[in-house]
Amino acid sequence: MAILVTGAAGFIGFHLAKRLIDDGQEVIGYDNVNDYYDPALKYARLEILKKSDRFQFFQNDLCDLPALESVFQRHSIQKVIHLAAQAGVRYSLINPFAYQKSNLEGFLNIIELSKRASVKNFIYASSSSVYGNNTKLPFAVEDNVDHPISLYAATKKSDELIAHTYAHLYQLPCTGFRFFTVYGPYGRPDMALFIFTKNILEGKPIDVYNFGKMKRDFTYVDDIVSGLISALTKPFSYEIFNLGNHKSENLMDFIRLIEDYLGKKATINFLPIQPGDVPETFADISATTEKLGFFPTTSIDVGVRKFLDWYMEFYRK
C-alpha cells in the first residue's frame, strides 16, 4: 500500500518523498512539473527519487481528472499527502487563474478521489498566509482567518473549508498544515534565501521590502517534513496545525547570515511593503507539539548554512 505525494517534484514534496523512501515506504509521486520556475531543478530532485525502486512517478496535472483517477484505480492508496499547489503570494497578483486551477480545482479533484477511494488519512498543505494582517502574535490556529489579503491566501483558506466539508459529510480524515516560510537545500528559486544568495554572488542588488522591517518564522524543510510524517499514523477527523520554527527572526539578521557565509556584503534596495505581504509571521505550535509531538530542531544559522553549502555545490561546480 503506497502513500501518494502530490507535488513530489517540488521543494517540500521532494524532501518528504525522500524521507518516506528512506524509511522504507512505497511512494507514488504526482506532479505536472510546470515552468513556474526552472523545471531543471524539479527534474534534478526527481532523478534522486527515481534511484529508489520504492518510488513511482506520474507527470500529470491535478486538473486532469481522468489521469488522476487512473492512479487511484491502479494502486491501493491508503494515505495522501497533498502538497501540489500554485505557490507564491506575489505571483497571485500576476496570474490569478493559475491559483484557481491548481489550488481550487486541483484540490477538489484530489480530495474527491480520496473520498471515493476511502483513503484513511488525507494530509494537505495550507499556509501561514491565511492569517493575513492579524496583529495578535504568535499566530494560533484558533485565530480568525476570514480576511486574507492575497488570492493565494484566499485559495488556501478555501482548501481548509473544502476539507472541513469532506470531513463532515464523508468522514474523510483531514489534517491541514499551515507552513511558515520554509527554506533549505533544493529550495524554490522565487524564495528570498535563494534570490538573495544568487544576487549577492553575482554582485546584483537585492530588494528588501518594508524598508527592512520584516520578520519571518523561518522553518527548515527537515522540520516541516518531520511534522508531516508525525501526522501519518495519527488520522484526525478534522484538524489544522501550524508548522513553524516558533521564532520570529529579523529579515536583516537573516541577510547577515548569508553575507557572513559568502564573505560579501549585499547591495540593498529598500522598498515599501508589497501588496499582499505582511510585516511579521510567528507560529504558535503548542497544539502541534501537544497532539503530534512536533518540535523544530534547526536554528536559522544552521539551516542557512546547509542551504548555502548545497547552493555552492549545485550551482557553482
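A short reminder: the numbers here are calculations on the coordinates, not readings from a lab. For clarity, every value in this text was computed on a predicted model and none was experimentally measured. So basically every Cβ, Gly included, is an ideal-geometry build from the backbone, and we count neighbours across all protein chains shown.
For first residues located in segment 219-243 and of a type in the set (A, V, I, L, M), partners that are part of a helix (DSSP H, G or I) and surrounded by fewer than 20 Cβ atoms within 10 Å (Cβ to Cβ) and lie 6+ apart or on another chain with Cβ distances below 6 Å form the pairs Val225/Arg19. For the residues Ile285, Ile258, the requirement of being buried (at least 19 other Cβ atoms within 10 Å of the Cβ), more than 30 Å from Gln25 (Cα to Cα), in contact with a Phe, Trp or Tyr (Cβ under 8 Å, 6 or more places away or on another chain) and of a type outside the set (Ser, Thr, Tyr) singles out Ile258. Taken over segment 197-234, the criterion of being more than 21 Å from Phe139 (Cβ to Cβ), among the hydroxyl-bearing types (Ser, Thr, Tyr) and buried (at least 17 other Cβ atoms within 10 Å of the Cβ) is satisfied by Thr197 alone. Considering Lys234, Lys213, Lys264, the condition of being farther than 24 Å from Asn199 by Cβ, among the basic types (Lys, Arg) and more than 20 Å from the chain's Cα centre (by Cα) is satisfied by Lys234 alone.
Note on segment 117-144: among residues that are more than 19 Å from His246 (Cα to Cα) and in contact (Cβ under 8 Å) with a residue 12 or more places away in the chain, the one that is farthest from the chain's Cα centre (by Cα) is Ala117. Selection of segment 302-317 for residues being surrounded by 14 or more Cβ atoms within 10 Å (Cβ to Cβ) and either part of a loop (DSSP other than H, G, I, E, B) or not hydroxyl-bearing (Ser, Thr, Tyr) (or both) yields Gly303, Val304, Arg305, Lys306, Phe307, Leu308, Trp310, Met312. On the stretch given as segment 68-95, residues that are surrounded by fewer than 16 Cβ atoms within 10 Å (Cβ to Cβ) and in contact with a strand residue (DSSP E or B) (Cβ under 9 Å, 6 or more places away or on another chain) total 3.
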